[in-house]
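Working notes, structure below.
What follows draws every value from the coordinates through simple rules; no lab data is involved. Predicted model, so just to flag it, every value in this text is computed and none were measured. Here the Cβ positions follow ideal geometry from the backbone for every residue, glycine too, while neighbour counts run over all protein chains shown.
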Amino acid sequence: MADSRAGFLATMRAVLWSFVGIRKRKDYQDDARSLDPRAVVVAGLLGGLIFVLVLVAVVKWVVPT
Amino acid sequence: MAAVTPDQLHGHHHGPTGLMRWITTTNHKDIGTMYLVFALIMFFAGGVMALTIRAELFQPGLQVVQPEFFNQLTTMHGLVMVFGAIMPAFVGFANWQIPLMIGASDMAFARMNNWSFWLLPPAALLLVGSFLVPGGATAAGWTLYAPLSVQMGMGMDMAIFAVHIMGASSIMGAINIVVTILNMRAPGMTMMKMPLFVWTWLITAYLLIAVMPVLAGAVTMILTDRHFGTAFFNAAGGGDPVLFQHVFWFFGHPEVYIMILPAFGIVSQIIPTFARKPLFGYASMVYATASIAILSFVVWAHHMFTTGMPAATQLFFMYATMLIAVPTGVKVFNWVATMWKGSMTFETPMLFAVGFIFVFTMGGFTGLICAIAPIDIQVQDTYYVVAHFHYVLVAGSLFALFAGTYYWLPKWTGHMPSEKIGKWHFWCSIVFFNLAFFPMHFLGLAGMPRRIPDYGLQFADFNAIATIGAFGFGFSQLLFVLAIVKCARGGERAAARSWEAAEGLEWTVPSPAPHHTFEEAPLVR
C-alpha cells in the first residue's frame with residue numbers, strides 16, 4: 001500500500017483536522033504515507049476558502065437584515 | 001562572539017581574514033553570527049529609545065524630552081525593534097541552525113545570503129540617522145499611518161527607503177531558507193522528520209515572501225503621495241487614508257506571526273531536551289503552525305475596528321481572530337504535555353522556555369480580549385494594547401531568542417554559558433518585565449492613551465512602577481551581553497552533544513561547529 005495516493009476526501013479530511021491543529025497518530029501516519037504535498041497545498045487553499053465562507057455564512061445568520 | 005575558534009579557522013577557512021572575511025563571507029555560520037550581532041546592537045539602540053520614553057513617562061508633565069521628539073522615539077523604537085532586532089535575530093538563528101539541523105553544508109544561495117545581510121547596516125544607518133535630519137525622524141508611529149506619514153519631513157523618506165531595503169533583505173533571506181529546506185536536506189530526512197524549528201521557519205519564510213512586497217507597496221504609495229502627485233491616501237485628491245491601514249495590516253498581521261512562529265520553533269526544540277521526552281504531538285504542532293499561518297491572512301481588520309466598518313465585517317474579523325486561539329492553544333497544550341511526567345531540569349534555556357509559555361500565554365489571552373470588537377473599541381489605542389503586544393513580542397519573541405541563544409551558545413562558541421549569569425538574567429528579566437508591563441493593563445483599562453508624553457495625575461503611580469520595571473529590565477540585558485561575551489571567551493568546554501538529552505543533527509558535529517560542516521551529507525535513519 002506504500003504507493004497508494006490519498007483521494008480528494010482523505011486529503012481534505014487531513015487539512016480540515018490541521019485547522020484544529022490535532023491528529024490521531026494512526027491517521028497521521030496514514031497521511032504521511034499517502035498524501036501528495038501538491039494536493040495538500042490545493043486542499044489547504046480550498047480549506048481556507050471554506051473557512052472564510054463558513055464565517056461569512058455565520059455572520060450573515062447572526063446579523064439581522 | 002566568535003563563530004569558530006582560531007585553530008579551526010586555520011584548518012578550514014581559506015578566504016580573506018580580518019574585516020574582509022566578514023564583508024566577503026558566504027559561510028552560513030559567519031553570516032548567522034553577523035545577523036545576531038547586528039540584532040543585538042539594534043536591540044540596545046531600540047532599548048535606549050524605550051528607556052528614554054519610560055523616563056519621560058516616570059512622572060506627569062514634561063521633564064526629559066519635547067513632545068515632537070517623544071513621538072519620534074515611540075515610532076523609531078517600534079521600527080528598530082521589529083525590523084532591526086527581532087526579525088534579523090530570527091534570521092541569524094535560521095542561518096546558523098537550519099543547515100546544521102537538516103544536514104546541509106551551507107545555505108542554498110550563499111552569495112545572496114551575504115547580500116541579504118549586508119543590506120541591513122545601510123538600512124539601519126538610514127533609519128537611525130534620520131534623527132539627525134531637519135524635522136527629525138518619522139513620528140507617524142511604527143505603523144506609518146497616512147495622513148501623518150504623508151506630511152512628515154525627510155526623516156519619513158529615510159524610513160521608507162530603510163523599510164524598502166530591509167524588506168528586500170527579508171525576501172531574499174526567505175527565498176534562501178525555503179530553497180535550502182526544500183532541496184538540501186540530508187538523505188532520509190523527510191519533511192515530517194524535520195526539527196520543528198525548521199518547520200516553523202519554512203512556514204515563516206512563505207509568510208515573508210507573501211507579505212513583505214505588500215509592505216513595500218504600501219510605503220511606495222506613501223512615497224508617491226509625498227513626492228509625485230498621487231493621492232492614494234489623500235481624501236482631497238479622491239484617495240482614502242483608511243486604504244493605507246488595510247494594506248498595512250494585510251502585511252502587519254502575518255508579520256506578527258513572522259515574529260512568533262520561529263519562537264514557537266525554538267521553544268519546541270528546547271522543551272523536549274530538558275524534559276527528556278520527545279515533543280508531544282509533533283504532527284499536530286506542524287499542522288497548527290500551518291493553520292496559524294493561513295488564518296493570519298484573514299484577520300487583519302481586527303487592528304481597525306474603530307475606523308468604521310459594518311457590523312457584519314466586524315463580526316467576521318472578530319470570529320476569525322478568536323479562532324486563531326484554537327491552534328495556538330494546541331501548541332501550548334502540547335508543550336505542557338511534553339513536560340508532563342518528564343525528567344525536567346531547569347538550566348537557563350529551559351527557564352526562558354518555560355517563562356515564555358507562562359508569559360506568552362498571558363499575552364495571547366489579552367489578544368483574545370482585544371479581538372472582541374466591542375471591547376477593542378474601548379481599549380484601542382490605550383496602554384492595554386501596548387501591554388498586550390509587549391507580552392507577545394518581549395515575553396514571546398524575545399524570551400524565545402534568549403532561550404535559543406543559551407541553548408545553542410555551546411554549539412556556536414564551544415563553551416557552556418554560565419548558569420549563574422543565565423539564571424540571574426532570567427529572574428531579573430521575568431520579574432522586571434512583569435513590573436514594567438503588567439501595570440500597563442490597568443493604565444489602558446483606566447483610559448490612558450498610548451503615544452503621549454504627558455498624562456493625567458490619576459495615571460501617575462502605575463507609570464512610575466512601569467518605568468522602574470522598564471529600567472530594571474533594560475539593565476538586566478547587560479547580563480545577557482556578559483553571558484555571551486564570557487561564553488565566547490572561555491569557560492567549561494562543551495561536548496558535541498552539549499545538553500544531555502539534546503536530539504538532532506546539530507549535536508552530532510563538534511562544539512564549536514567547525515567552519516565547514518556536513519560537506520558529506522549525513523544519513524538520517
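Listing B:76, B:191, B:172 from fewest to most neighbouring C-beta atoms within 10 Å gives B:191, B:172, B:76. Which percent of Cα pairs goes in each bin when the distances of the stretch B:234-378 are cut into 5 angstrom slices starting at zero? Percent of Cα pairs in each bin: 2, 9, 17, 19, 16, 12, 9, 7, 5, 3, 1, 1, 0, 0.
Report the label-to-label distance for residue B:151 and residue B:375 in nanometres (one decimal), using points 7 Å from each Cα along the Cα→Cβ vector. Rounded to a tenth, the inter-label distance reads 3.4 nm. Across the stretch B:316-462, the volume of the C-alpha convex hull divided among the residues equals 140 Å³ per residue.
Classify chain A: rounded, prolate or oblate, from the alpha-carbon gyration tensor (a ≥ b ≥ c, eigenvalue square roots; a/c under 1.5 rounded; otherwise prolate if a/b is larger than b/c)? The shape class here is prolate.
Helical runs assigned H by DSSP (4 residues or longer) give chain B a calculated mean residue ellipticity at 222 nm of -22000 deg cm²/dmol, each run adding -39500 (n - 2.57) before division by the residue total. In a fully extended conformation the segment linking residue B:344 and residue B:468 would gain 41.3 nm over its present Cα-Cα distance, using 0.36 nm per residue. For peptide A:11-22, the mean count of partner chain Cβ atoms within 10 Å of a residue's Cβ comes to 6. The length gained by stretching the chain between residue B:365 and residue B:458 to full extension, at 0.36 nm per residue less their Cα-Cα distance, is 30.8 nm.
Placing unit charges on each Cβ (+1 for Lys and Arg, -1 for Asp and Glu) gives the protein assembly as shown a dipole about its Cα centre, and among B:150, B:51, B:508 the Cα reaching farthest toward its positive end belongs to B:508.
Residues whose amide H comes within less than 5 Å of that of residue B:415, counting only those at least five positions distant or on another chain, are B:494 (H built at 1.01 Å from N in the peptide plane).
Averaged over the residues of B:284-291, the number of partner chain Cβ atoms lying within 10 Å of the residue Cβ comes to 6. Charged side chains reduced to their Cβ positions (Lys and Arg at +1, Asp and Glu at -1) give the protein assembly as shown a dipole of some 1240 debye around its Cα centre. Once both labels are positioned 7 Å from their Cα atoms along Cα-to-Cβ, the gap between residue B:451 and residue A:38 label points is 4.7 nm.
Both the radius of gyration and Dmax for chain B are 22.5, 67 Å, in that order, over alpha-carbon atoms.
Of the residues A:52, A:8, A:42, the one whose Cα sits farthest toward the positive end of the charge dipole of chain A, with +1 on the Cβ of Lys and Arg and -1 on the Cβ of Asp and Glu, is A:52. Against the main long axis of the alpha-carbon atoms of chain B, helix B:87-102 sits at an angle near 30°. With neighbour counts taken as other beta-carbon atoms within 10 Å, the residues B:322, A:12 rank, fewest first, as B:322, A:12. Dividing the C-alpha radius of gyration of the protein assembly as shown by 2.2 N^0.38 Å, with N its residue count, gives 0.95.
Remark: the stretch B:333-423 carries a charge dipole of roughly 360 debye about the Cα centre, counting +1 on each Lys and Arg Cβ and -1 on each Asp and Glu Cβ.
Counting only other residues whose beta carbon sits under 11 Å from that of residue B:279, what net charge do I get with K and R as +1, D and E as -1? Combined, the nearby Lys, Arg, Asp and Glu give +1.
What FRET efficiency comes out for residue B:110 versus residue B:306 if R0 is 45 angstrom and r is the Cβ-Cβ distance? Round to the nearest 0.05. Using R0 = 45 Å, I get an efficiency of 0.45.
Provide, as a two-decimal number, the C-alpha radius of gyration of the stretch B:421-525 over 2.2 N^0.38 Å, N being how many residues it has.
This ratio for the stretch B:421-525 stands at 1.72.
Highest-first packing order for the peptide set B:385-392, B:397-404 is B:397-404, B:385-392, based on the mean count of other beta carbon atoms within 10 Å. The calculated pair-distance distribution of the stretch B:161-264 uses every alpha carbon pair, bins of 5 angstrom beginning at 0, and gives 3, 12, 18, 18, 15, 11, 8, 6, 4, 3, 2, 0, 0 percent. One Cα centroid belongs to the stretch A:9-65, the other to the stretch B:299-342; the line between them spans 17 Å. Dividing the Cα radius of gyration of the stretch B:372-425 by its Kirkwood radius returns 1.28 for Rg/Rh. Estimated from the Cβ-Cβ distance and a Förster radius of 45 angstrom, the FRET efficiency linking residue B:326 and residue B:20 is about 0.30.
For the stretch B:45-114, the Cα gyration tensor yields ellipsoid semi-axes of 40, 11, 6 Å (square root of five times each eigenvalue, largest first, whole Å). When each of B:430, B:175, B:292 is scored by the number of other beta-carbon atoms lying within 10 Å, the sequence from fewest to most is B:175, B:430, B:292.
Kindly state, to the nearest 0.05, the FRET efficiency for residue B:521 paired with residue B:475, given R0 = 35 Å and r defined as their beta-carbon distance.
The pair residue B:521/residue B:475 has a calculated efficiency of 0.15.
Each Lys and Arg contributes +1 and each Asp and Glu -1, all at the Cβ; summed about the Cα centre of chain A, the dipole is approximately 140 debye.
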